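**Q** This is the structure, below, for whatever I ask next.
We did not get these values from a lab; they are worked out from the coordinates using the rules stated. In this text the structure is predicted, and so the values were computed from the model without any measurement. Ideal geometry is used to build each Cβ from the backbone, glycine not excepted, and the neighbour counts take in all protein chains shown.
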Amino acid sequence: MRGKSVNDVCDILAGMQGSLTFLILPAPTPQRNNNQREESQQIHHVRAHFDYDPEEDPYIPCRELGVGFQKGDVLHVISQEDPNWWQAYREGEEDQALAGLIPSRAFQMQRETMKQTIAGDKSTVRGAKKSSTLLCARKNPKKKKRSKFGNFNDDGYPLYSTTFIEDDSDEILTYEEVALYYPRANHKRPIVLIGPPNIGRHELRQRLMEDSEKFAAAIPHTSRPRKESEVDGQDYHFISRQQFESDILCRKFVEHGEYEKAYYGTSIEAIRSVVNSGKICVLNLHPQSLKILRNSDLKPYVVFVAPPSLEKLRQKRIKSNEQYKEEELKDIIEKAREMEDKYGHLFDMIIINNDVDRAYNQLLTEINSLEREPQWVPASWVQ
């Protein structure tokens, strides 16, 4: 077969009969030192941030050898020697005899960059659109909602939602290196509830908070003067405006904002003090706040509370005798879709909130399992 093309080989095989025995020898590889050899044999664990179907990939050398996967799947990469095609298998399929092919990080990035170039620079248009939707960028004259867990604006986010955001809209998502994290009794992972407005996140949070032995809220900071009835460190952490601005610059707040000429914010330190007390901190955040939290040592577990279909959402409102406008329901679904599209790679779990009891039980079951079972987390968290 030496020197023959693939077509020549096919023609030869087509004319042969009986049993055929193939002897396949590995191609000679250049000598490498032991460190390089160990590195190439090491299994790399990655989480996919995109969907992949080899059947629809015109570039894959052999579709039958392709491994399909969905966003969020964990893949075990056993070889990265080929610059374009890694060899890998999906989590839970270790017993399969053969690994298959997946596009390498570099190849996938190259492909996505080409797509964006061909489609025109949509990201700048998207970026311009995004900047106008920052929660604290628009002044809303309507009366703010208040609950015993703090103030919320009309979108259902805390009034002090982050005003300073780094936008990663141009980032091309491929794979994220992950590692197994084994639960530690002295470190409960904070639970972050993300979702569109009016989807029931606050109700879920309040139901969790009823178990005050297990769950607690982070005490917010504020620059406004303390009222007589308030206790520093219990109602709020009261600090000066100058100190608050200094802490903002030092990236100490997961989110912050200004309301009636005073700053409000949730600090990393306030969340850490809940974790250090042995309780689970429950947070309702805008997904823009996730970057600072994920870059801390707190290992947040992010739950996206999603709406059901439009019809089910309509039935849910009718069943609970709530007045609603069709446009509001459509807006909830559209905002959820936008969030999942932009931040879906940061979500650990998605709960479809069609029934509050079922959603609460599902959330509680997941939280309980976090204390017992190992989880795949960004590799930088366990190094």
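**Q** Which of T117, T266 comes first, and how do the rest follow, when ranked by fewest Cβ neighbours within 10 Å?
**A** Details: T117 9, T266 27.
Sorted ascending by nearby Cβ count, the order is T117, T266.
**Q** I would also like to ask the following. More than 18 angstrom separation, counting every C-alpha pair in the stretch 248-332; what % is that? Show your work: numbers first, answer last.
**A** Values: 2090 of 3570 pairs.
Taking all Cα-Cα pairs of the stretch 248-332, the fraction more than 18 Å apart is 59 percent.
**Q** Another question, then. How high is the relative contact order of the stretch 218-311, in percent, counting Cα pairs under 8 Å that sit 6 or more residues apart?
**A** Values: 106 pairs, mean separation 24.8, N = 94.
Rounded, it is 26 percent for the stretch 218-311.
**Q** Now for a separate question. Rank these for me by crowding, L363, L249, L329, L204, going from fewest to most other beta carbons within 10 Å.
**A** Numbers: L363 22, L249 8, L329 18, L204 25.
Fewest-to-most ranking of L363, L249, L329, L204: L249, L329, L363, L204.
**Q** Return the whole-Å distance between the Cα centroid of the stretch 345-383 and the Cα centroid of the stretch 220-288.
**A** The stretch 345-383 and the stretch 220-288 have Cα centres spaced 25 Å from each other.
**Q** Sort L293, L180 so that the residue with the fewest other Cβ atoms within 10 Å of its own Cβ comes first and the one with the most comes last. Kindly include the intermediate steps, with their values, before the conclusion.
**A** Working: L293 21, L180 12.
Exposure proxy ranking, most exposed first: L180, L293.
**Q** Right, here's the next one. Listed here are the pairs K261/K335; K279/K299; K188/K214; K227/K252; which of them are more than 19 Å apart at the Cα? Could you put the intermediate results ahead of the total?
**A** On the way: K261/K335 29 Å; K279/K299 14 Å; K188/K214 10 Å; K227/K252 25 Å.
Going by Cα-Cα distance, K261/K335; K227/K252 fall outside the 19 Å limit.
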